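Some notes on the structure that comes next.
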Amino acid sequence: MDAFYASVEQRDFPEYRGVPLVVGGMPEGRGGVVATASYEARKFGVRSAMPSKQALQLCPHAIFVKPRFAAYKEVSQKIREIFSRYTDLIEPLSLDEAYLDVTHDKLNIGSAIEIAQQIKQAIKDELNLTASAGVSINKFVAKIASDIKKPDGLTFIGPSYIEGFMENLPVEKFYGVGKVTAGKMKKQGLFTGADLKKLSEREMTDRFGKAGSFYYNIVRGIDNREVQPHRETKSMGAEDTFAYDLTTEGEMHSELEKIAKTVHERLLKYQLKGRTITLKIKYNDFRQITRSLSIPKNINDTATILNTTKKLLATTDVENSKIRLLGITLSNFLPVETKAKLKTDQLSLFEI
C-alpha cells in the first residue's frame, strides 16, 4: 500500500487531503517517532522512523496525527479479502504489505500482471486507496519491483532482465540490507549488485556472516523461499517511546508494567506462551541495547514478564540512565505440534 496510514487518514478526513500529513508520535516534549508520512510530507524529506521533532523542522506546516490502528487493521482485512479472490497463497508481512503466489490463480486469469492490475483496481474502487505492485518470479525481486514506481505503480521484472537489474541496483536498495550493512559494504568498495557479484560465496559469508549466502544468491536473482500463508510467530512484544526521558527506576518500572500488560494481552489473544523474555532499551543518545533471559517453563502472565524485565533492567546502569524507549518481547514459543499435544492431553483428563 502507498503511505498506508497517512492515505487512510486522508481518505477519512477531507481536511488532511493535499497537505503534508505525519502519522505517529507528537513532536511536543521530547517528541515521538514518525510511523508514516503522506507523499506531500515526503517531498520535504520526512520519512518513517524519523523523530517527529526532526519531521517538524523539515516541514513546519505539517499536520501531526496519532495512529488509529483499529481503522488500519479493518482496512487491511478488506485488502486481504480482495487478495483471496485470486489466490489462497497469501503471506502478510504487515498490515499494508503481502506476498501473493499466483502460479495457480483461482480465477484462471493466467497472467500475474493482469492479476496485479485487477487487484490494484479493486482496492481503488472499493477502498478508495492506491497500492503498488511488483511482479516477478520470486519474492525478493517482486519486493524490490513493488517499490520502483510508487505511488500507484506496477513493475514487472521478467526472468531475462533479473540479473542485469540486480547488477545495477545500489546496495542500499537491496531488501534486507540496512543502513549499517550498506555502510559496511560501501567502505569495502561495494556500491552495486555488480560489485557484490564479484565476490565468491565464501568471501560473502566471511564478510557478512550467514547473510552473505543470501546476498550471494539474490544478486543473481535466486530466491527459493516459498510464499508461506501460515508463518509461525517467532516472537511477540510491545514497546513505547516516551515524551520525556525516564531517569528514575520508579518511572522505568511504571512504564515496564504498562508494556508487560500489553504483551500479556497480545499473548492471550494468540494463545502463545514462551520461555525467553527480552528487554529492549534505547537511551536518549539513541544508543540501544537488549538483555534476554530464558526461564525453565513457558509463560505468558504479566507478573513473570514484569518481574523478569525488572531483573534485566537491574543489570544495566539504571542510576545514570536517561531512557527514551523501553520494549518487552517474548519468544521461544512452544512448537505448534507440542501445543496441540498439550491441548489433547488436557482434554483427556476430563474424559469419563
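Just to check your reading of the model, which residue among P14, P20 is buried (at least 17 other Cβ atoms within 10 Å of the Cβ) and under 20 Å from L129 (Cα atoms)? Even if it seems obvious, please write down each step before you answer.
Working: P14 fails: buried (at least 17 other Cβ atoms within 10 Å of the Cβ).
Selected residue: P20, the only one of P14, P20 that is buried (at least 17 other Cβ atoms within 10 Å of the Cβ) and under 20 Å from L129 (Cα atoms).
Condition (residue is touching a Lys or Arg at 6+ places or on another chain (Cβ under 6 Å) and either among the aliphatic types (A, V, I, L, M) or closer than 21 Å to I218 by Cα (or both)) applied to the stretch 63-82: is it met by at least one residue?
No, the stretch 63-82 contains no residue that is touching a Lys or Arg at 6+ places or on another chain (Cβ under 6 Å) and either among the aliphatic types (A, V, I, L, M) or closer than 21 Å to I218 by Cα (or both).
Considering only the stretch 71-178, give the strands (runs of 3 or more DSSP E) lying wholly within it that have at least 2 residues that are free of Cβ contacts under 8 Å to residues at least 24 places away in the same chain.
90-94, 133-135
Considering only residues of the stretch 16-61 that are small (G, A, S) and out of contact with any strand residue (DSSP E or B) (no Cβ under 8 Å at 6 or more places or on another chain), which is nearest to M1 (Cα to Cα)?
Out of the qualifying residues, it is G18.
Does the stretch 35-52 contain any residue that is over 18 Å from K150 (Cα atoms), more than 21 Å from the chain's Cα centre (by Cα) and not small (G, A, S)?
No; the residues of the stretch 35-52 include none that is over 18 Å from K150 (Cα atoms), more than 21 Å from the chain's Cα centre (by Cα) and not small (G, A, S).
Considering only residues that are of a type in the set (A, V, I, L, M) and assigned to a loop (DSSP other than H, G, I, E, B), which ones fall in the stretch 180-234?
Just the residues of the stretch 180-234 that are of a type in the set (A, V, I, L, M), to begin with: 180, 182, 185, 190, 194, 196, 199, 204, 211, 218-219, 222, 227.
Within the stretch 180-234, L190, L199, V219, I222, V227 meet the criteria.
Restricting attention to the stretch 44-95, report how many residues are over 21 Å from Y16 (Cβ atoms) and in contact with a Gly (Cβ under 7 Å, 6 or more places away or on another chain).
Here the count works out to 1.
Just to be sure I understand, how many residues within the stretch 94-145 are over 23 Å from S160 (Cα atoms) and hydroxyl-bearing (S, T, Y)?
Residues meeting the conditions: 2.
Is it fair to say T276 is touching a helix residue (DSSP H, G or I) at 6+ places or on another chain (Cβ under 7 Å), surrounded by 15 or more Cβ atoms within 10 Å (Cβ to Cβ) and either on the phi > 0 side of the Ramachandran plot or not basic (K, R) (or both)?
No; evaluated as a whole, the condition is false for this residue.
Looking at (1) assigned to a strand (DSSP E or B); (2) outside the structural domain of T329 (by TED's automatic domain parsing), which is the one condition that is false for T278?
(2)
Which numbered condition in (1) among the hydrophobic types (A, V, I, L, M, F, W, C); (2) more than 30 Å from R275 (Cβ to Cβ); (3) out of contact with any strand residue (DSSP E or B) (no Cβ under 8 Å at 6 or more places or on another chain) is the only one that V180 fails?
Every listed condition holds for V180 apart from (2).
Could you please find all residues in the stretch 214-242 being among the β-branched types (V, I, T), farther than 30 Å from G32 by Cβ and within 22 Å of the chain's Cα centre (by Cα)?
Residues satisfying the conditions are I218, V227.
Only residues that are closer than 24 Å to T233 by Cα and either surrounded by fewer than 16 Cβ atoms within 10 Å (Cβ to Cβ) or not assigned by TED's automatic domain parsing to the domain that holds E257 (or both): list them for the stretch 308-327, please.
Answer for the stretch 308-327, where residues must be closer than 24 Å to T233 by Cα and either surrounded by fewer than 16 Cβ atoms within 10 Å (Cβ to Cβ) or not assigned by TED's automatic domain parsing to the domain that holds E257 (or both): there is none.
Check V33, V46, V8, V23 and return the single one that is touching a residue at least 24 places away in the same chain (Cβ under 8 Å) and farther than 26 Å from L154 by Cβ.
On the way: V46 fails: farther than 26 Å from L154 by Cβ; V8 fails: farther than 26 Å from L154 by Cβ; V23 fails: farther than 26 Å from L154 by Cβ.
Result: V33 is the single residue among V33, V46, V8, V23 that is touching a residue at least 24 places away in the same chain (Cβ under 8 Å) and farther than 26 Å from L154 by Cβ.
Does the stretch 192-213 hold any residues that are within 25 Å of the chain's Cα centre (by Cα) and closer than 22 Å to I148 by Cα, and which are they?
Passing the criteria: T192, G193.
Go through the stretch 128-152 and give me each residue that's within 17 Å of I79 (Cβ to Cβ), surrounded by 21 or more Cβ atoms within 10 Å (Cβ to Cβ) and of a type in the set (S, T, N, Q).
Once the filter is applied, which keeps residues that are within 17 Å of I79 (Cβ to Cβ), surrounded by 21 or more Cβ atoms within 10 Å (Cβ to Cβ) and of a type in the set (S, T, N, Q), the stretch 128-152 yields only S146.
Every residue in the stretch 240-264 that is among the acidic types (D, E) and assigned to a strand (DSSP E or B), please.
D240, D245
The values are calculated or read from the model by the stated rules, or taken from the named source; none is laboratory data. As the structure is a computational prediction, the values presented were derived from the model and not from experiment. Cβ: placed from backbone, ideal geometry, glycine included. Neighbour counts: every protein chain shown.
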